[in-house]
Amino acid sequence: MLNSFKKFSTGWKLVSLIFLTLAAFSYAMFQGGFVSWFLFYSFLPFAIYSLLLMLYPVRGFKVTRTVNQEQFTVGQTLISTITIKRKLPFPLFYLLVEDELSEKLQASEMVEGPKKLFFPWFKRRISFSYVLNQMPRGEHHFSTIRIRTGDLFGMIEKEVFFEVENYFLVYPSIVSLVYHPNQRQFEQGSASSLAKYWQDSTMAVGVREYQPGDKFAWIDWKATARRDSIMTKEFEQMQSHDVVIILDRTKSVMFESLITYTASLIRAIIRSGARVGLVSIGKSKNIFQLHADEQHSRELLYHLAKVDCDSNEPLSTILQNDLLKTEMKQVTNIIVSSHLSVDFVRKLEYLVKQQQKYILFMIKKGHEEISKEETVLIERLKKHHIEVKVVSSLATNKGFKEVKSS
């Protein structure tokens, strides 16, 4: 429908131009005299120019776009340069060039807009740059550049869209965190080693005499029969560095802060030499197994660069699904979220009874205070030996500050 209207409009303008030219010629023929012929010959160059402009191949322009880099971090500056080259130096009164941006990029702070008006005349090469500050996280595409030109009176206008594809990724910003093994927490600073000791009841390395407090299941009945004394199995204390981060992808105004904190945790854990996994479930289900290499780190950050808060189910429902009954079960589970609910607390209390270790990081906005309801829920978790760290998100690129801990 739109294309049909454009074709009709162009045809109507062409007919109008021809009609005006013929009208001026007829007036000069019938009226005669200097004035009438002066008007005709004055109008004739503009009419010829308009007709030639209509035939001028604007689609033959070579349009390119270059950006200063292919990968960015949140808050960095993008510089885009658009260059237009043409072979035939036909005089153009004006040339309007616009790089069409997505809604997300339009929200960026612009030093110079992506639209510019030129008066090129016979120039064969035109170039300009624009700057986008504070790039938002995500996967971004540049696709279309719009070029528009026309004659002096607006009788003939030509608009062409050039498909110029550029793809780039904006990764989440990362702040420096430090982990204290004794307190089992992360704080801002340089990374330190991560240590958590688990007792694996499936690996017996010897037997010893029964001691008060030993579980009944630990008794080694064969050794007891041989020695006429109650003997219990002795287990190996295993050191586990493994951590699984569970990202809350429900709708939240703090989601960007959740992404930044999650990316920072991943970097700190991997730098310590520990293995880390990630559970991220929304419209897409993404579960990354435990690894500690640089390639794994890049895969996690790539996912965090593109992910969105698109989960239609609360985190408590997601945790009910059979997601972690794999190798990931024998790890420290770190949940990164921005709110607490009664159902969520109940689910954590149940999971802890299944001999799973959980630490909850709650990300709050600025100097936002903890509500009374959240305080009660935090105390409930504390009674079940679930650590809760309430972290305040500071200004952009300034990191986080712990405001309350259990």
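All of the numbers you see were taken from the coordinates with simple rules; none came from a lab. Given the structure is predicted, the values throughout are model-derived calculations rather than measurements. Note that each Cβ is placed from the backbone with ideal geometry, even for glycine, and that neighbours are counted across all protein chains shown.
Quick one: F90, F34, F153, fewest Cβ neighbours within 10 Å first, how do they rank?
Details: F90 17, F34 7, F153 14.
The most exposed by this proxy come first: F34, F153, F90.
Between L117 and D308, what length in nm is gained on full extension when 0.36 nm per residue of separation is reduced by their alpha carbon distance?
On the way: separation 191, 0.36 × 191 = 68.76 nm, distance 3.66 nm.
Result for the pair: 65.1 nm of gain on full extension.
For an R0 of 41 angstrom, estimate the FRET efficiency from the Cβ-Cβ distance between W221 and S341 and round to the nearest 0.05.
On the way: r = 47 Å, r/R0 = 1.14.
The pair W221/S341 has a calculated efficiency of 0.30.
Once fully extended, how much extra length lies between Q134 and S26, figured as 0.36 nm per residue of separation less the alpha-carbon to alpha-carbon distance?
Details: separation 108, 0.36 × 108 = 38.88 nm, distance 6.17 nm.
Extra length from Q134 to S26 when fully extended: 32.7 nm.
What list do you get for E374, E112 if you sort them by fewest beta carbons within 10 Å? Please list the in-between numbers first.
Values: E374 18, E112 13.
Going from least to most buried by this count: E112, E374.
Strictly over 29 Å apart at the Cα level, which of K306/K372; K353/K389; K215/K389; K222/K347 would you flag in this model?
On the way: K306/K372 35 Å; K353/K389 21 Å; K215/K389 33 Å; K222/K347 40 Å.
In this structure, K306/K372; K215/K389; K222/K347 exceed 29 Å between Cα atoms.
Classify the range 58-171: rounded, prolate or oblate, from the alpha-carbon gyration tensor (a ≥ b ≥ c, eigenvalue square roots; a/c under 1.5 rounded; otherwise prolate if a/b is larger than b/c)? Show your work: numbers first, answer last.
Numbers: a/c = 2.45, a/b = 2.20, b/c = 1.11.
Because a/c hits 1.5 or more and a/b exceeds b/c, the range 58-171 counts as prolate.
Go through the range 30-101 and name the trypsin sites (Lys or Arg not before Pro) that are in a DSSP coil and have 15 or fewer other Cβ atoms within 10 Å of their Cβ. Spell out each step's value before the answer.
Details: sites: R59, K62, R65, K85, R86, K87; in loops: R86, K87.
Passing both the DSSP loop test and the Cβ count: K87.
May I ask you to list the residues of the range 126-145 whose amide nitrogen lies under 18 Å from a point 7 Å from Cα along the Cα→beta-carbon direction of E100?
Only 140-145 pass the distance filter.
Just grab the label-to-label distance for R125 and E373, each label 7 Å out from Cα along the Cβ direction, in nm (one decimal).
My value for the distance between the label points is 6.4 nm.
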